[in-house]
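Okay, structure first, notes after.
The values are calculated or read from the model by the stated rules, or taken from the named source; none is laboratory data. All values derive from a computational prediction rather than experimental measurement. Cβ: placed from backbone, ideal geometry, glycine included. Neighbour counts: every protein chain shown. SASA here: full protein model, heavy atoms, side chains in, ligands and nucleic acids out. Shrake-Rupley method; radii C 1.70, N 1.55, O 1.52, S 1.80 Å.
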Amino acid sequence: MFSIDNMKPFVGRDKELERLEDLSKSGRACLVVIKGRRRIGKSRLAEEFGKNKKFLSFSGLAPVKALTAQDQRNAFALQLATLFHLPPLIFTDWSNAFAQLAKCLTKKPSVVLFDEISWMGSKDPTFIPKLKVWWDLELQNHPSIVLILCGSISTWIDKNIINSTAFFGRVSLYLELTELSISQCRKLLNLQGFKGSELDFFKIISVTGGVPWYLEQIQAHQSADENIKRLCFEKSGLLVHEFDRIFNDLFSSRGEIYKKIIKILSQGMKNHSALQKALAYSPSGTLSQHLNALEICGFISKHPNWSLKTGKIGKLTLYRLSDNYLRFYIHYIEPNLSKIEQGSFLEVPLSSLPGWEPMLGFQLENLLLKNRSLIYRALGIYAQDIVMDNPYSQKSSGRKKGCQIDYLVQMRSHTLFVCEVKMRRRELGLEVIDAMKTKIAALSLPKGFGISPVLFHLGPISDALLNSNYFYRIIDISDL
């Protein structure tokens, strides 16, 4: 049985744990699917749920070129024999492997985890049909069992389990894990003993996002800059080669095209036609499929524009690189890989990196977009009163100028909150008002609408800005 003692702190996922616990009390066998990006904590959630139960964990082997279906069965056999102290086992068929596991189960409340199930079953087309038969004929006779299927390749899980007729009506619960919230990230770092300032904290999550495994690598005795350098700019740094692992593990031979899309979006939001042009793609559904796969994996997000007049979604959809680590890698790790390999990048101050502060500001926008409930609370509004809220882009035409708004909230009361996000070490002054006035002047407003400019900032701001009475609210992000 898998030991879950002495684990690192577990933070968040309260709703997910509650739903899992409710299932385990149902008195019947339950099938659960958990998906989410690499390192997001899928297996860790399963372990936390199983810590007061018999917990049996099986994991597929990471795909490499010569790996076969028999290699995956051999790995399963070894894990099964180790868990139950059995003599060496050999399975040439998944049905035999599943039958042997069923023999080892008891009436005790048990959690069985098939981790990285896409790796486990991708080499054998009979894996899914045999898993389905095993569930129908065997496992449902064990009412105290919760079988959890999880993996990082969300597209495979969608195709073979969630949208498959084989498992229609059999899955009791789907869970899609996203990044931890800002407050949960702070709690996790606090539990690890990190004592840095608010700016240090935001530096760390600007690089890592809310990915739990990345945050768990932060060492309390080091400053934010020291941690970032150790993880990202040392030759053996854990995040130096994480980018390639993500795309090799998830997309295998197709990884290069996904990397190209990510790199284009790292320069800013793009619509479908702009991406198609940048990739030199012919008009077809292929690009849409790639974008959908990246969205399912949690690496990009799409933000539809909408009509301010009608509140209805328009034809233009902007795609955004929403994963903070991927953007940081593309802008700062990849261009300096040769220096990192030589060990000559460690003495470079982070603040001297080109475009460092604007990049941190953009990363901060990403974090806020993933924590919209914090924004609503800071603005004193409720989700049910919002027509639409997203980054907003207005194309230039003969009658109007183009403009890009970091975050626009349209209320049913015809109030528009025009939000600007700034992160600086130096004092922010009245120049931000001029920039906001330019954006608002360009915005094509329907009759009867009102504008409330809002500033979200991290770092010092001048007394003149505070006393200007221009902004509806000036919100210090550290207060969130």
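Considering only residues in the range 450-468 that are open to solvent by less than 30 Å² (accessible area, probe 1.4 Å), farther than 19 Å from Pro358 by Cα and not small (Gly, Ala, Ser), the one that is farthest from the chain's Cα centre (by Cα) turns out to be Leu465.
Which condition number does Thr310 fail, the rest of (1) under 19 Å from Tyr214 (Cβ atoms); (2) modelled with pLDDT of 90 or more; (3) surrounded by fewer than 17 Cβ atoms within 10 Å (Cβ to Cβ) being met? Status for Thr310: all satisfied but (1).
Filtering Ile161, Ile157, Ile204 for residues that are in contact with a Gly (Cβ under 7 Å, 6 or more places away or on another chain) and either part of a helix (DSSP H, G or I) or open to solvent by 10 Å² or more (accessible area, probe 1.4 Å) (or both) leaves a single hit, Ile157.
From the list Leu316, Leu321, which residue is in contact (Cβ under 8 Å) with a residue 40 or more places away in the chain and either at positive phi or surrounded by fewer than 19 Cβ atoms within 10 Å (Cβ to Cβ) (or both)?
Checking each option against the conditions leaves just Leu316.
For the range 412-449, taking the residues that are assigned to a strand (DSSP E or B) and not aliphatic (A, V, I, L, M), the one that is most open to solvent (accessible area, probe 1.4 Å) is identified as Lys422. Within the range 82-103, at least one residue is surrounded by fewer than 18 Cβ atoms within 10 Å (Cβ to Cβ), in contact (Cβ under 8 Å) with a residue 24 or more places away in the chain and touching a helix residue (DSSP H, G or I) at 6+ places or on another chain (Cβ under 7 Å).
Within the range 452-480, the residues that satisfy the criterion of being within 23 Å of Ala441 (Cβ to Cβ), in a loop (DSSP other than H, G, I, E, B) and touching a helix residue (DSSP H, G or I) at 6+ places or on another chain (Cβ under 9 Å) are Ser468, Tyr470, Phe471, Tyr472. Checking each residue in the range 139-154 for being in contact with a Lys or Arg (Cβ under 7 Å, 6 or more places away or on another chain) and open to solvent by 20 Å² or more (accessible area, probe 1.4 Å) picks out Pro143, Ser144. When Leu67, Leu17, Leu45, Leu113 are checked against the criterion of being open to solvent by 10 Å² or more (accessible area, probe 1.4 Å), under 27 Å from the mean Cα position of the chain (by Cα), aliphatic (A, V, I, L, M) and closer than 30 Å to Phe243 by Cα, Leu17 stands alone in meeting it.
Just to check your reading of the model, which residue among Lys259, Lys229, Lys235, Lys302 is out of contact with any Pro (no Cβ under 8 Å at 6 or more places or on another chain), closer than 26 Å to Pro63 by Cβ and open to solvent by 30 Å² or more (accessible area, probe 1.4 Å)? Please lay out each step first, then the result.
On the way: Lys259 fails: open to solvent by 30 Å² or more (accessible area, probe 1.4 Å); Lys229 fails: closer than 26 Å to Pro63 by Cβ; Lys302 fails: closer than 26 Å to Pro63 by Cβ.
After applying the criteria, what remains is Lys235.
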